[in-house]
Amino acid sequence: MIPLRADAPRLPRHELLAVGISSRTTGNEMPTSWWLIAVGAVLVGNTFISLGLLLQKRSHHKRRGEQVEAYFLSPEWLVGLVTFFAGHACCWAGLAVGAQMVMSCLNCWCIVVTILIAPLLFHETVSLYRLLAVLVLVIGCVWVTLAGPKKYETFTVERFELNLADEAFLVVTACTVVAALAIAVVPRRTGATKRSVTRLTMGAAICAWYSVLAAKCFSGLHFTSWHGGRNQLGYWQTWAAGVFFVCAAVANLHLLNLALAAGDAVTVMPAYESLSLAGQIVVGGMFFQEFRQLDARGHFWFWSGVAVVLSGVIMVSRPEPKHPFLQHVILGSVAAADDVSDFEDEEEEEGGKAAKPAMTSDRAEPRLRPAAAAADGAALA
């Protein structure tokens with residue numbers, strides 16, 4: 001490791017290894033207050049992220065029918081953008097002291113907020129099925145938070161290097177690289193749209209694994225510099241983690257948008273969210289040695305909670321069952337649902353007339369209910 005500062009204190013390699021092995025096994029118990037701050041920061045951050053996206057959607061909704069290209073000059077859209085970035089800042093702060101295994105699951109909170117707030121802003125509807133899915137997500141988030149690791153270890157550049165050299169992490173990363181290369185070099189065949197969407201979705205999920213990992217490293221090193229009194233900002237590794245985070249996040253957003261453009265949202269989003277969540281837990285748990293904080297019983301309860309969260313994500317992303325009882329409107333008015341249906345019918349009629357001469361695709365893309373579509377937008381963030 002090469003520090004930018006010549007006067008930065010260094011330890012011999014064998015001492016670093018000894019300290020690393022000892023701290024990985026025991027860990028430093030984080031005060032309850034910091035654990036609560038980490039959970040609260042991520043929940044507040046995801047709430048702001050969802051509100052920011054909804055404000056931007058509301059700005060577009062108000063300007064519907066207007067031929068205005070510079071939508072980003074709208075005051076409401078800019079407020080939504082600031083709120084969106086403020087939410088990410090809160091999540092970034094929470095990552096510094098919280099276990100990634102837990103924080104990754106709590107990112108699903110933005111879906112809950114979106115489904116509950118969308119009816120108030122857009123007069124949209126939430127059915128009993130969607131409300132049950134929200135309840136499952138809430139139960140899963142609480143479950144994972146209580147069952148997950150609660151220890152905090154001071155994160156330094158030395159620990160960053162030691163974690164990078166961990167054999168289990170290197171094996172997982174090597175397998176991931178091989179899988180990514182296989183996905184990239186698989187020959188594209190004519191009509192293989194489904195395989196293309198699968199490749200793009202898996203690529204986006206892989207980028208999400210390592211972008212969140214790099215974000216936590218970058219955040220943890222800043223927190224150590226601020227709270228621990230040990231400046232970590234004079235090392236090139238700190239800023240390399242920040243650059244890698246930005247590159248991986250941009251790649252994640254690009255690949256996910258390509259997957260959504262090529263496939264159906266009701267297929268892409270559940271697959272992406274499930275792969276992304278599971279990968280972040282496994283990769284982050286190995287890198288930060290969080291699995292070692294759980295015994296056999298702890299693993300059982302934690303992974304049970306993860307299964308509940310994944311079930312909620314799949315429920316909220318899939319189309320509603322064709323059952324009158326489950327489609328009963330709970331939030332929003334029935335009149336609003338009828339207005340949305342009429343508006344969609346008009347769009348289909350106009351779109352059908354315009355696209356009829358040039359129609360070449362025989363694949364019909366299913367529609368999402370309004371609140372579910374907004375939830376997918378929040379999950380994309």
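The values are calculated or read from the model by the stated rules, or taken from the named source; none is laboratory data. What you see is a predicted model; the values in this text were computed from it and never measured. Don't worry about glycine lacking a Cβ; one is built from the backbone with ideal geometry, like all the others, and counts go over all protein chains shown. In case anyone asks, the SASA skips ligands and DNA or RNA and just uses the protein heavy atoms, side chains included. Shrake-Rupley method; radii C 1.70, N 1.55, O 1.52, S 1.80 Å.
Things to note:
- For segment 306-316, Karplus couplings with θ = phi - 60° (6.51, -1.76, 1.60), whole Hz, Gly/Pro x: 4, 4, 5, 4, 4, 4, x, 4, 5, 4, 6
- Distant-in-sequence amide contacts of I330, defined by a placed amide H-H separation under 5 Å and a gap of 5 or more residues or a different chain, comprise V126, S127, L128.
- Heavy atoms of the protein chains alone define the surface here; on that basis segment 244-286 has 37 Å² accessible area per residue at 1.4 Å probe size.
- As a fraction of the 1.4 Å probe accessible area of segment 198-303, surface on carbon and sulfur atoms comes out at 73 percent.
- Taking a ≥ b ≥ c as the square roots of the eigenvalues of the Cα gyration tensor, an a/c ratio of 1.5 or more together with a/b larger than b/c marks segment 156-301 as prolate.
- Gain on full extension, evaluated as 0.36 nm per residue between V250 and L135 minus their Cα-Cα distance, stands at 38.2 nm.
- Spin-label model, L146 to V171: label points 7 Å out along the Cα-to-beta-carbon direction sit 3.4 nm apart.
- Computed on the Cα trace of segment 97-204, the radius of gyration divided by the Kirkwood hydrodynamic radius gives Rg/Rh = 1.11.
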